[in-house]
Amino acid sequence: MLPTSAPSVQLFNSTSNVYGRAHINVSTGVVRYLGRFDVTAECETACLGYVGPDGANCNSFTHHHADFPQPDFAGACYAVADHSWTPVSPADKITSGLLSGGAAQPACGGGAFGGCTWQADPVCLTGADAMPPATMTIAAATAACAGSSACVGIAVSGLLNATAPLAVSFKATTVAKKNGNDGCWALRKSVDLEHDPYRPGFHFLPPANWMNDPSEYLPRALAPPPFASCRFLCGPDCSPSALLCTGPSVCPPPNLP
């Protein structure tokens, strides 16, 4: 059995992770309705104890406060059963929580890159196949996918804890069908930032997605001689952490706001 610890919860005020996905008093796909609660702490407790009929757990939650202006959603609490995190902010009188830790994810195994684990989600995967589909056990399917660099995950029709052979597709992309789909489970190769084989080692990068160029230029008057201009790299608190100087130059320094 994989080691398990109590998950930690990070709260995000004025943020919704179910915008456009939640429906009144019902569950839809990976968005699971947990009930109505007066305070966010009660919604969090419901999320931590949630186990869906398909065996899925709560990976994040969104609570509409009791004084939410739309009565149909006031107090409504929703769990998100996959690992999707698509927050919308600002969202007044809404709080979302993101869980981390808890049960350890199984290692991908032979042939996969170091640090690779399987991330399980109750969704179907779309896109091109990396290998022909087959009928086999989940254990055999993950072993086959782990040994192929073209395979990034598998999609199975059936329950995640099934031991009998299931219909399996081997995917070349990790794109999930929107809002999930009952009857499907996906196991996708996942890696933390420390072991990501495609992440540059020396550059400012966000935890996910993209970011703007973090550098700015200093006026010529502030650049140490004999350089014409300098730019600084922002530290964690947006203070200059390093100077990269160039010159001499005939170009006028840029205007700073």
remark   = Within segment 130-150, the residues whose backbone N lies under 18 Å from a label point placed 7 Å from the Cα of Ala164 along the Cα-to-Cβ direction are 134-141
message = Quick check: pseudo-label points 7 Å beyond the Cα along Cα→Cβ at Thr173 and Ser89, how many nm apart are they?
response = 2.9
ask   = Residue-wise, which Karplus ³J(HN,Hα) couplings in Hz belong to segment 117-133, taking 6.51 cos²θ - 1.76 cosθ + 1.60, θ = phi - 60°, and x for glycine or proline?
value = 10, 8, 9, 9, 9, x, 9, 9, 9, 10, x, 5, 8, 8, 8, x, x
task = Report the equivalent ellipsoid semi-axes for segment 8-100 in whole Å, largest first, defined as the square roots of five times the eigenvalues of the gyration tensor built from alpha carbon atoms.
result = 18, 14, 12
note = Counting Lys and Arg as +1 and Asp and Glu as -1 over every other residue whose Cβ sits under 10 Å from the Cβ of His65, the net charge comes to -2
task = Work out the FRET efficiency for Gln70 and Ser8 from their Cβ-Cβ distance, taking R0 = 35 Å, and round it to the nearest 0.05.
result = 0.70
ask   = Ranked from highest to lowest mean number of other Cβ atoms within 10 Å per residue, what is the order of the peptides 152-165, 70-83?
value = 70-83, 152-165
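First measure r as the distance between the Cβ atoms of Asp129 and Thr28, then evaluate 1/(1 + (r/R0)^6) with R0 = 30 Å and state the FRET efficiency to the nearest 0.05.
On the way: r = 27 Å, r/R0 = 0.91.
Plugging the Cβ-Cβ distance into 1/(1 + (r/R0)^6) gives 0.65.
Which percent of the Cα-Cα distances in segment 96-157 go past 19 Å?
Percentage above 19 Å: 36.
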query = When all C-alpha to C-alpha distances in segment 117-195 are sorted into bins of 5 Å, what percent of pairs does each bin hold, rounded to whole numbers?
reply = 3, 18, 29, 27, 15, 5, 2, 0
query = Where in segment 128-157 does the label zone of Ala107 land, with the point 7 angstrom along Cα→C-beta and an amide N cut-off under 13 Å?
reply = none
request  = Averaging over all projection directions, find the projected area of the Cα convex hull of segment 66-128 and quote it in nm² with one decimal place.
outcome  = 7.3
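We did not get these values from a lab; they are worked out from the coordinates using the rules stated. Predicted model only: the values in this text are computed from it and were never measured. Backbone-built Cβ (ideal geometry, glycine too); neighbour counts: all protein chains shown.
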